[in-house]
1. Being of a type in the set (Gly, Ala, Ser) and closer than 15 Å to ALA101 by Cβ is the filter here, so list the residues in region 1-20 that pass it.
2. Just give me the residues in region 119-131 being open to solvent by less than 10 Å² (accessible area, probe 1.4 Å) and either of a type in the set (Val, Ile, Thr) or without any contact (Cβ under 8 Å) to a residue 40 or more places away in the chain (or both), in sequence order.
3. I'd like to know if region 2-21 contains one or more residues that are of a type outside the set (D, E, K, R), open to solvent by 10 Å² or more (accessible area, probe 1.4 Å) and without any contact (Cβ under 8 Å) to a residue 40 or more places away in the chain.
4. When only residues in region 56-90 that are open to solvent by 50 Å² or more (accessible area, probe 1.4 Å) and hydroxyl-bearing (Ser, Thr, Tyr) count, which is farthest from ALA44 (Cα to Cα)?
5. Just checking, does region 13-22 include any residue being among the polar types (S, T, N, Q), modelled with pLDDT of 95 or more, in contact with a strand residue (DSSP E or B) (Cβ under 7 Å, 6 or more places away or on another chain) and closer than 18 Å to VAL191 by Cβ?
6. Looking at region 119-131 only, could you name the residues that are more than 16 Å from the chain's Cα centre (by Cα) and not in a loop (DSSP other than H, G, I, E, B)?
7. Residue pairs, Cβ under 8 Å, 6 or more apart or interchain, first in region 174-199 and among the hydroxyl-bearing types (Ser, Thr, Tyr), second open to solvent by 30 Å² or more (accessible area, probe 1.4 Å). List them.
8. Looking at ARG203, is it assigned to a helix (DSSP H, G or I) and farther than 13 Å from VAL124 by Cβ?
Amino acid sequence: MLILAIEGALAHCSVALLRDGVVVASALHEGPRGQPYALPPMVAQVLAQAGLAATALDALAVGIGPGGFTGLRTAISLAEGMAQALGKPLIGVTTGEALAADLPATSRIGQALWSVLEQRQGRVVLEIFQPGGSEPRAPVILPLESLPDPEGAVLLLGDAAPAAAAALAARGFQAQALAHALPSAAAVGRVAAQRLSGALPPRSAMPLYAEPPATTRPG
């Protein structure tokens, strides 16, 4: 099965083409800005690297957040447009799911997994996976000092993981920050493959913005 995955939630954006869960072509754009200009040619680049036309795809996948408004809007709009034009299914994958997909399964045994992303004004966006769970709770935004009390040992992922680990340790909880800070299109594609096989429940491409975009009303 061929899946084209697009990810633009955080400080870089990426595209990957996977055949039966194995990456056959990929592209990465570093930097928190530029997704509207970078992603469309990256899709064309990845398909060209693989020597395939878009019509050969079986499905598309996209990271739906939490994350920045512009990156998510660009990635989801591009994926939706391609899926509609090609008549292919489109699968959504959360940022926490993509981060978790890059971990060895054995590292999570008996432990909760938290995806913790930096947010403005000292807050974080939190997705919680229960021990052994593959589906996260709905994301919440809260101050770093208001993280919930974990019921046991917890693994932390995301760009705010070190700060969250320190905050929990100061309250006497056991927490380990791991180095997987940004989601990848390859991980998005692997999670999407599990959804297509029925191993995970379906998820639409409805965006999970951390917050609405900051705008200024005309004077």
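The values are calculated or read from the model by the stated rules, or taken from the named source; none is laboratory data. These numbers come from a predicted model, not from an experiment. Cβ: placed from backbone, ideal geometry, glycine included. Neighbour counts: every protein chain shown. We work out accessible area using only protein heavy atoms, side chains counted, and drop any ligands, DNA or RNA first. Shrake-Rupley method; radii C 1.70, N 1.55, O 1.52, S 1.80 Å.
1. Those that are of a type in the set (Gly, Ala, Ser) and closer than 15 Å to ALA101 by Cβ: ALA5, ALA9, SER14, ALA16.
2. Our first condition is that a residue be open to solvent by less than 10 Å² (accessible area, probe 1.4 Å); within region 119-131, this holds for 124-127, 129.
Matches in region 119-131: VAL124, VAL125, LEU126, PHE129.
3. No, region 2-21 contains no residue that is of a type outside the set (D, E, K, R), open to solvent by 10 Å² or more (accessible area, probe 1.4 Å) and without any contact (Cβ under 8 Å) to a residue 40 or more places away in the chain.
4. Residue satisfying both the conditions and the ranking: THR70.
5. Looking for residues that are among the polar types (S, T, N, Q), modelled with pLDDT of 95 or more, in contact with a strand residue (DSSP E or B) (Cβ under 7 Å, 6 or more places away or on another chain) and closer than 18 Å to VAL191 by Cβ, one finds at least one in region 13-22, hence yes.
6. ARG123
7. Filtered contacts from region 174-199: SER184/ASP102.
8. no
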